[in-house]
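What follows is one structure encoded as structure tokens, with my remarks underneath.
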Amino acid sequence: MKVYIAFFLVHICIVILMFDVYFQTKVITGLNPVKNFTKPYAKRLVLFVGDGLRSDTFFGNSKMGSVEHAPFLRSIMVEAASWGVSHTRVPTESRPGHVAIIAGFYEDPSAVFKGWKKNPVLFDSVFNQSVATFSWGSPDIVPMFSNELSNPNIFYYNYEEEDQDLSGRNGTVEFLNSWVFNKFEEMYNNISNNKFMRDLWNKPGIIFFFHFLGIDVAGHAFNPNSPGYLQSVRQTDALIRDITKMIEDYYNDNRTSFIFTSDHGMTDWGSHGAGSASETETPLVVWGAGIKHSHCNHFFTPDCFKNVSQADIAVLMSILLGRSIPVHSTGVLPIDYLDIPIHDKVMALFQNSHQLLNQFRQKEKDIKSNVAKILYTPFIGLEKDIIAFYFKRISEKMQSGLYDVALKITKEFIDLVIEGSDYYDRYYQTVKLIFLDLTVIGLIFCVLSEIVPLITISESDEELKQSKYSTINKFNFKLFALFIIILVSIYLLLLGSLDLLAFIFFIFIILLCLKMYLIFIFRYLHVTCEVYTLSVTSNTVLVLCAHK
């Protein structure tokens, strides 16, 4: 019975280690924002998210979809916008998609313990770095960016949970979108009567966020190739048109940037969460202050598309507003969207590189402080002298007016920094997976040894009992194993080369190796034995052996 309990406990630890390897948060602490290197190119930014909208439905190469179903956004693309496909990552769910858009990093794997509904770790966001943010939409999304790290000027307004009827019945699809517009219109009409809000609205560096859930609900209820889904796209487009006009009429200064995108796509049968192209490819349309016009009338010409990773959108919003990039962002500025001098593009990208370098340095510091000096293996390629060399080259090229070259070098440096950050994200992963594999192999071997008798000796064989035995004295297996474990523990804990969970598996491996060693002796070294007890969980091992 003891051995089965031991096997059960080992299996529990294996599951825990798997979660530790693949579902541990990558959100690090101790980061400070990098001040913006450039002036703001917009006084305010408006973010529209059409939840659940596929890129092929929007751009027109799906079974039924077409940009014709979004006439306002089509007109913007013709007259003033840049656009492309925003590539998301799995899981293609609403919360991780919005975190990528607004905070600039991809799914925090530890959120699996919250059912993908919340981030268990606090994080920075574009909203937090703004002067003020006003959000309208789903109760699952808009409150998410107001936390202990956020500034007090994040205001959000959401409908009730029970209003989110995914069946699409009773006009739910239209209601969810209309609610967002109606609440914004209500504030818009009353802004003159509220001095506090009016003052905030007139400050530079503010964000308006509109979350339209209707498209997603229509996709779940009817599927993305249905008339109901396309009708929701048309309704969303009309609401975006009205909101855009209201904001432009209110400010009347051409200093507003607009972004339309989606958090994720959807399969043909109305689901999402996996990694198919229909789920991971979403539309991105950007126009207004600081944005370059693509001047493309043929929407599907490859040269017209400026494709990005979803996390890049957060960096774009930060640069447009002249605000610090969120400290946890892993995105890279999509400079092709910007209509600004090339000198400013280099400086903006250089700011991005500093923000990413801060992450790299913090990860390096965290790993280095927990690993013995003689066992620490640093990332090669980002030593202090190499970083200084890159900074010097970028500065020299800019002083010489070679901005294209400086831009290229900065991109090269960013790629190197991202590679270094990924290296430290996976620093313990290889060791833990090796330990996991060795533990599983040893466990399988031990299970087989319990099932298949390794040595069969009849206790009634008097002739064998009278032979000259070489006696291996009775010893306490646990004490022997504990002795080795203590020695190794002192070594590893003093040097700090493993975290606690990996260390526990190291102990498992030692125990399993000791057991396999004894089994190996009995099976292969031509020793005839009587084995009274042979188990990792037993108190003693009494073995009588005689060489043949």
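Excluding residue 408 itself, what net charge comes from residues whose Cβ is under 13 Å from its Cβ, given Lys and Arg +1 and Asp and Glu -1?
+1
Using a Förster distance of 35 Å, how high is the FRET efficiency between residue 375 and residue 4, based on the Cβ-Cβ distance and rounded to 0.05?
After rounding, the FRET efficiency stands at 0.45.
Just the ratio, please: alpha-carbon radius of gyration of the range 348-441 over 2.2 N^0.38 Å, N its number of residues.
In units of the 2.2 N^0.38 Å rule of thumb, it is 1.37.
Return the distance in nm (one decimal) between the two label points of a simple spin-label model at residue 448 and residue 411, each offset 7 Å from Cα along Cα→Cβ.
So the label points at residue 448 and residue 411 sit 5.4 nm apart.
Counting residues in the range 31-340 as N, plug N into 2.2 N^0.38 Å and put the Cα Rg over that result.
0.91
Can you give the net charge of the other residues whose Cβ lies under 10 Å from the Cβ of residue 202, counting K and R as +1 and D and E as -1?
So the surrounding residues net to +3.
We did not get these values from a lab; they are worked out from the coordinates using the rules stated. A quick note: this is a predicted structure, and the numbers were derived from the prediction, not measured. In this analysis, Cβ positions are derived from the backbone assuming ideal geometry, glycine residues included, and neighbour counts consider all displayed protein chains.
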